[in-house]
Amino acid sequence: MKIAEITQLLDELAPPSYQESYDNAGLITGDASIECTGIICTLDATEDIIAEAKNKGCNLVVAHHPIIFKGLKKITGKTYVERTIIAAIKNDIAIYAIHTNLDNLLTGVNGKMGDKLGLQNRKVLLHRENNLMKLYTYVPVEDADKVRDAIFKAGAGQIGNYSECSFNIRGKGTFKPGEGTNPHIGDIGKREETNEEKIEVIFPAYLKEKLVNAMTEAHPYEEVAYDLIALGNYFLEVGSGLVGELPEPLDEADFLQLVKKVFGLSVVRHTSLINRKVKKVALCGGAGSFLIKNALAAKADVYITADVKYHEFFDAENKMVIADIGHWESEQFTIDLLHDVLHSKFPTFAVLKSEVKTNPVSYFI
Ligand SMILES: [Zn+2]
C-alpha cells in the first residue's frame, strides 16, 4: 500500500479545507508514492518520534501538530524542528499532520474528549462559514435516477445521519441545438421540449469539484445545466469546540475529580468554583481561550481547555468555571482516535501508537 492511500483516507476523515488559515496540515515531508512500511500515530512529530519510527520500521508518522508551522529559511539542524526534518528526510520517513482540520470536526479531537467524559447532546461551540453548498441540476426524467445515484455516491445529500437526501420536481425544459452540436435528444436548429426533473441536493463545499465531475459524467446532455449555490446554513458537524451535557449533574469538585481521573492529571488550573451543579460542559482540546465567550454564551457550567493566560481566566466572570488541564493532556486521546480510524480501515497493516510521551511540560508536585 502506498503512503498516498493512507493520506487520502486521512484527508477524507478531516478534509484539509477545514484547517484554519494559519495552519500547515497535510503531508509535510516524504514521497506519497512510495510503499508504506508502517504507521506511527502521535501528537507531535519530534526527533524522538522519528527515531521510534525508524526503530519500528515505520515510514509514516501521522501527527496532530505540524512540525513545520511557519516558514523555515535554513535547515542546518540548529533547532529541534530542523533536526526532525533532517532525520525524517534522511530516513525516508513521511510526516503527515492532521491538525485544526481534525479540531474543527464535532467527531474529532473534541469529540474524543466528549466520549471520555460521557457527554451527550453535543454541538459545535463556534460554527464555520461557507461550508455548505447546494446543487440544482436538470435531467431528462428517464435519466434522473442515474444522475441522483452518481451525486449521492460523490458525497452529496448527507444531512446528519440521513443520507441520499434530495428534492425533486418535474417540469418542462427547452433547448435549441446549434450548429456543430451533438444533442442527446432533438434536431439541430429546432426548439425541443423535454420532460425533466430538477434535482436539488446539499453538499459540503469542499466536494464541489468531485460532485460536478460525477454529475456531468452521469448526465446524458452534452451541455449540462446546473447551478451551484453557496448557503448561509451552518454545517452542524464542523466548527471549533464542543458543548454537551453530562448524563447526571455533578458537584463542581466531583466533576473536577472526574476530569483529573479521565485525563490522568496531577493538577488542574481553574477559576473559583461558583457552587453550582455541573451539567453543561464546553470543551476545546489544545489552546482554546478564543472560545471562552462562546462557552459563556452557550451557558456552560464548566469550560475545559488549555493554554489559558492569567488575564483570560478573569473572562469567566464568575459565570462558569474555566479548567485548564494542559495542552498535551487535553489532546492525548487524539492518538487513539487516529490509531483506531487507521486500524479499522487497514486491519492487517502495522498501525502503532507512539510509546514516546512528547509532552514538553512537567509538573513538580
Ligand atoms: Zn494542540
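The values are calculated or read from the model by the stated rules, or taken from the named source; none is laboratory data. These numbers were taken from a predicted model, which means no experiment stands behind them. Positions of Cβ are backbone-derived with ideal geometry, glycine not excepted, and every protein chain shown enters the neighbour counts. Side chains included, ligands, DNA and RNA excluded: accessible areas come from the protein's heavy atoms. Shrake-Rupley method; radii C 1.70, N 1.55, O 1.52, S 1.80 Å.
Being without any contact (Cβ under 8 Å) to a residue 12 or more places away in the chain and more than 21 Å from the chain's Cα centre (by Cα) narrows it down to one residue among LYS261, LYS279, LYS309; which is it? Answer to the selection: LYS261.
With respect to the conditions (1) closer than 25 Å to ASP336 by Cβ; (2) open to solvent by 10 Å² or more (accessible area, probe 1.4 Å); (3) touching a residue at least 24 places away in the same chain (Cβ under 8 Å), LEU43 lacks only one, and its number is (2). Screening GLY155 against (1) closer than 23 Å to LYS134 by Cβ; (2) open to solvent by 80 Å² or more (accessible area, probe 1.4 Å); (3) in a loop (DSSP other than H, G, I, E, B) leaves a single unmet condition, (2).
For region 1-17, check the following and say yes or no: at least one residue is under 23 Å from LEU337 (Cα atoms), surrounded by 20 or more Cβ atoms within 10 Å (Cβ to Cβ) and within 16 Å of the ligand (Cβ to nearest atom). Yes, that holds for at least one residue. Look at region 219-236: where a residue is closer than 20 Å to LYS146 by Cβ and a partner is open to solvent by 70 Å² or more (accessible area, probe 1.4 Å), sitting 6+ places away or on another chain with Cβ atoms under 7 Å, you get PRO220/HIS184; TYR221/HIS184; GLU222/ASN182; GLU222/HIS184.
Can you pull out the residues in region 158-206 that are assigned to a strand (DSSP E or B) and at pLDDT below 90? Passing the criteria: only ILE159. Whenever a residue of region 163-178 is free of Cβ contacts under 8 Å to residues at least 40 places away in the same chain, its partners that are of a type in the set (A, V, I, L, M, F, W, C) and open to solvent by 40 Å² or more (accessible area, probe 1.4 Å), lying with C-beta atoms within less than 6 angstrom and at least six residues away or across chains, give the pairs CYS165/ILE159; PRO177/ILE188.
Within region 319-332, the set of residues being of a type outside the set (Val, Ile, Thr) and either at pLDDT below 95 or closer than 14 Å to CYS284 by Cβ (or both) comprises MET320, ALA323, ASP324, GLY326, HIS327, GLU329, SER330, GLU331.
Name the single residue, out of those in region 214-269 being aliphatic (A, V, I, L, M) and in a strand (DSSP E or B), that is farthest from GLY288 (Cα to Cα). Among them, the one singled out is LEU228.
When residues in region 26-52 are screened for being within 16 Å of the ligand (Cβ to nearest atom) and of a type in the set (Asp, Glu), 1 of them pass. Can ASP23 be described as out of contact with any Leu (no Cβ under 7 Å at 6 or more places or on another chain), within 16 Å of the ligand (Cβ to nearest atom), touching a residue at least 12 places away in the same chain (Cβ under 8 Å) and among the charged types (D, E, K, R)? Considered against the rule, which asks whether it is out of contact with any Leu (no Cβ under 7 Å at 6 or more places or on another chain), within 16 Å of the ligand (Cβ to nearest atom), touching a residue at least 12 places away in the same chain (Cβ under 8 Å) and among the charged types (D, E, K, R), ASP23 comes out as yes.
Rundown of residues vs (1) open to solvent by 70 Å² or more (accessible area, probe 1.4 Å); (2) polar (S, T, N, Q); (3) within 16 Å of the ligand (Cβ to nearest atom), yes/no style:
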{"site": "LEU256", "(1), (2), (3)": "no, no, no"}
{"site": "VAL267", "(1), (2), (3)": "no, no, no"}
{"site": "ASN275", "(1), (2), (3)": "yes, yes, no"}
{"site": "LEU283", "(1), (2), (3)": "no, no, yes"}
{"site": "PHE290", "(1), (2), (3)": "yes, no, yes"}
{"site": "LYS299", "(1), (2), (3)": "yes, no, no"}
{"site": "PHE314", "(1), (2), (3)": "yes, no, no"}
{"site": "ASP324", "(1), (2), (3)": "no, no, yes"}
{"site": "PHE333", "(1), (2), (3)": "no, no, yes"}
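The residues of region 203-250 that are exposed (fewer than 14 other Cβ atoms within 10 Å of the Cβ) and touching a Lys or Arg at 6+ places or on another chain (Cβ under 6 Å) amount to a single one, ILE229.
Has region 347-362 got any residue that is within 14 Å of the ligand (Cβ to nearest atom), in a loop (DSSP other than H, G, I, E, B) and over 24 Å from the mean Cα position of the chain (by Cα)? Yes, there is a match, as at least one residue in region 347-362 is within 14 Å of the ligand (Cβ to nearest atom), in a loop (DSSP other than H, G, I, E, B) and over 24 Å from the mean Cα position of the chain (by Cα). At least 2 residues being within 16 Å of the ligand (Cβ to nearest atom) and open to solvent by 10 Å² or more (accessible area, probe 1.4 Å) is the threshold, and among the strands (runs of 3 or more DSSP E) wholly inside region 53-139 not one reaches it.
Only one of the listed residues (LYS309, LYS277) is of a type in the set (Lys, Arg) and in contact with a Pro (Cβ under 8 Å, 6 or more places away or on another chain). That residue is LYS277.
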